[in-house]
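These notes concern the structure reproduced below.
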Amino acid sequence: MNFRGLAERLEMEEGDMMEIIGLFLEASASDLRQLQSAIDQEDVQSAVRAAHSIKGAAANLRLTAIFEIAQRMERRLARIAWRSHRGDPGHPGEFEPDR
């Protein structure tokens, strides 16, 4: 990853950018643990919140690939939550391909 270019696009000093990336990695590691725990416990709402948190942080730093993955996860989890709320049959933990 070109951190110098990213820092320039965000109009930041490269050292400040590296510090923020470090904070992002720490926070994202926590969010990933929360996401895994929520999935293990079949707590779809908490999983949606964790994916949303990762997505938002990645968007703020213009980390496009991470943003897109987190966005897909959030959408899939939200669909599962919606179906579960409606009482549709099916395993609540199943993931479907994007349509």
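We did not get these values from a lab; they are worked out from the coordinates using the rules stated. Bear in mind the structure is a predicted one, so any value in this text is a computation, not a measurement. Using ideal geometry, Cβ is built from the backbone for each residue, glycine included, and neighbour counts are taken over all protein chains shown.
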*Rg to Rh ratio, region 3-84, alpha-carbon atoms and Kirkwood radius?*
1.07
*Just subtract the alpha-carbon distance of Met12 and Arg33 from 0.36 nm times their residue separation and send over the number in nm, one decimal.*
4.6 nm
*asked:* Could you work out how much longer the chain between Arg62 and Met1 gets when fully extended? Use 0.36 nm per residue separation minus the Cα distance between them, nm to one decimal.
replied: 20.8 nm
_Taking θ = phi - 60°, what integer Hz values does the Karplus form 6.51 cos²θ - 1.76 cosθ + 1.60 yield along region 56-62, in sequence order, with x for Gly and Pro?_
x, 5, 5, 5, 4, 9, 6
_Run the paramagnetic zone check for Glu19: 7 angstrom along Cα to Cβ, then residues of region 44-61 with backbone nitrogen under 20 Å._
57-58, 60-61
